[in-house]
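Let me begin by presenting the structure, written as structure tokens, before commenting on it.
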Amino acid sequence: MASLYPLKDLPNKGQVWSWISFDVANQSFTLLVNTVLFSRVFTEVVSPGPGADERWSILFAASMLLTVIASPVAGAIADAKAWKREALLVTGVICAALTCALSLAGPGALWLAVLIYIPANVCFNLGENFLASFLPELARREDMGKVSGFSWACAYLAALVLLGITAAGLIALNAGTDPARWWPLFVFAGVWFFAFSVPTFLVLREKARPTGDRTNPVVAGFRRLADSARHTARYRDLLTLLVASFFYGVGMTVIVSFASILTRDFGFTGVQSVKFIALVTISGVVGTLVPTFVQDRFGHRRTTVALLVVWVAAVLAFYVYTRPLGAGAPAASLPVWPLWLFGNLIGFGLGSLGSANRAFVSYLTPPERTAECFGLWGLVFKLAAVGTIPFAIVKERLGMPQSMLVLAGFMVAGLVITLFVDEKRGAAAAAGSAVPSTNHPRAEKSESSSSGDKEQQEQTVIARLVLTLFIRKSKK
């Protein structure tokens, strides 16, 4: 069994476990607030009625837009001043406190909900960026997929515990069908967040040192961003991956922010929604095994492409399933059993793709710019929340099937762009060397120009094939 323990060969297990603890802590926000509870509280209690889904998507996207604005500068400042740990502490404490405060958002309290939720979600997402930026410090390049995947698996296991407690709470409160009575669960989510953050704050240490720039932190941050902008060509593979991440990040964001609303559309009660999310979470745990045990050997790009193929197939299958519906048609009229099957595929995709992407970005990130690069990573994933607006509008005005095609379109775009990321060349650029390009992590450092041309041709053929299949499917 010891051979299956992913961290067994790491010399800094205590540091890694303290880092994982924060991944466990912030599950209470991403799961209970963004995925299971608050979206329904907002659309059914705080601001119910026509257009509720659109208002929720605008609120969610607004918080993400603020995160987009803050992420690169905050990351550059954290690198310049070596403040990653302090930034993680501040954003974590604020988010935990505001999570508890969400319990105050009652019927009609729209602006109170806005004033609490937006800064809470901004702090949560900035904290995710700072947390991810520690990965290059904690793991060697050949271990990044393993460490990221194992941490993601621990977070998903924590999510199962959270869901069990939530289901028990809903039953105890007799509030499965009444979101107005869910407020104690927000207090619980905030306390959980703070409690599991404590080991991180006590044990995790930052290796980076300040650059020595004594200017104003904000000025120093913008200087670092300007310097990075001047060298974008050098890190073109990292930039290509970030562009691809934006497109498939839309799909992941839609699932997180609309999962509870979609289950409501299918007539699920609060307890049934929790059971469905639990199924998704269990599948997510299984999904994290891919980056944990496969990604470092199989290759980051190949792993990501394979997982995106699974995602696109699942979304298109869901389109076929919901195709009988039109605008305003009740989803509850469809048979429910296929939804549970899709839940497994969605969970597998979330767990595997999320962890694989974090490891892939770490693999291409220069060690001296971790917070800045993960600030940009946070920027694209949070900017992806803007994609929830067209999804919500199409869903509400044209129907669920058409919204699935919108979602599939984003995923296909991300898949095609990922095909043009050269991970070996990108890793060499991050390390400050000039190694000829190849797309397998254990390949030799030199290739003939003919093999490079062959690989480029293969990329083009695959990209055209994927686009053709998607276009044909959309026309049916």
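The values are calculated or read from the model by the stated rules, or taken from the named source; none is laboratory data. Predicted model, so just to flag it, every value in this text is computed and none were measured. Don't worry about glycine lacking a Cβ; one is built from the backbone with ideal geometry, like all the others, and counts go over all protein chains shown.
So the values come out like this:
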| quantity | calculated |
| --- | --- |
| Members of the stretch 44-58 that are within 30 Å of F130 (Cβ to Cβ) and at pLDDT below 80 | S57 |
| Residue count for the stretch 97-118, restricted to those that are assigned to a helix (DSSP H, G or I) and crowded, with 17+ Cβ neighbours inside 10 Å | 11 |
| Only listed residue being more than 30 Å from L202 (Cα to Cα), of a type in the set (A, V, I, L, M), within 24 Å of the chain's Cα centre (by Cα) and modelled with pLDDT under 85, chosen from A61, A113, A76 | A61 |
| Every residue from the stretch 116-136 that is touching a residue at least 24 places away in the same chain (Cβ under 8 Å) and over 24 Å from L204 (Cα atoms) | Y117, I118, P119 |
| Subset of the stretch 152-211 that is more than 28 Å from S283 (Cβ to Cβ) and small (G, A, S) - its residue that is surrounded by the most Cβ atoms within 10 Å (Cβ to Cβ) | A208 |
| Subset of the stretch 301-356 that is over 26 Å from Y156 (Cα atoms), among the small types (G, A, S) and touching a Gly at 6+ places or on another chain (Cβ under 6 Å) - its residue that is modelled with the highest pLDDT | A332 |
| Which listed residue is within 20 Å of the chain's Cα centre (by Cα) and over 30 Å from A76 (Cβ atoms), from V336, V312 | V312 |
| Segments classed as helices (runs of 4 or more DSSP H), wholly inside the stretch 371-472, with at least 1 members that are over 30 Å from L138 (Cα atoms), at pLDDT below 80 and out of contact with any Ser or Thr (no Cβ under 8 Å at 6 or more places or on another chain) | 388-397 |
| Residue match in the stretch 125-137 (condition: farther than 20 Å from L242 by Cα and in a helix (DSSP H, G or I)) | yes |
| Among the residues listed as L419, L405, the single one being out of contact with any Pro (no Cβ under 9 Å at 6 or more places or on another chain) and either more than 25 Å from L289 (Cα to Cα) or free of Cβ contacts under 8 Å to residues at least 60 places away in the same chain (or both) | L405 |
| Counted residues, the stretch 180-207 - those being in a loop (DSSP other than H, G, I, E, B) and among the hydrophobic types (A, V, I, L, M, F, W, C) | 2 |
| Of all residues in the stretch 66-95 being touching a residue at least 60 places away in the same chain (Cβ under 8 Å) and β-branched (V, I, T), the one that is surrounded by the most Cβ atoms within 10 Å (Cβ to Cβ) | T67 |
| Qualifying residue in the stretch 5-16 (condition: closer than 20 Å to P107 by Cα and of a type outside the set (G, A, S)) | no |
| Of residues in the stretch 339-370 being part of a helix (DSSP H, G or I) and hydroxyl-bearing (S, T, Y), the one nearest to the chain's Cα centre (by Cα) | S355 |
| T177, sole failed condition from (1) part of a helix (DSSP H, G or I); (2) in contact with a Ser or Thr (Cβ under 8 Å, 6 or more places away or on another chain) | (1) |
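For every residue, the table says whether it meets (1) buried (at least 24 other Cβ atoms within 10 Å of the Cβ); (2) assigned to a helix (DSSP H, G or I).
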position	(1), (2)
D9	no, no
Q15	no, yes
S18	no, yes
V33	yes, yes
T43	no, yes
R55	no, yes
L59	no, yes
M64	yes, yes
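Per-residue answers, yes or no, for (1) of a type in the set (A, V, I, L, M); (2) under 24 Å from R85 (Cβ atoms):
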{"position": "K8", "(1), (2)": "no, no"}
{"position": "K13", "(1), (2)": "no, yes"}
{"position": "V16", "(1), (2)": "yes, yes"}
{"position": "W19", "(1), (2)": "no, yes"}
{"position": "L31", "(1), (2)": "yes, no"}
{"position": "L37", "(1), (2)": "yes, no"}
{"position": "V41", "(1), (2)": "yes, no"}
{"position": "P48", "(1), (2)": "no, no"}
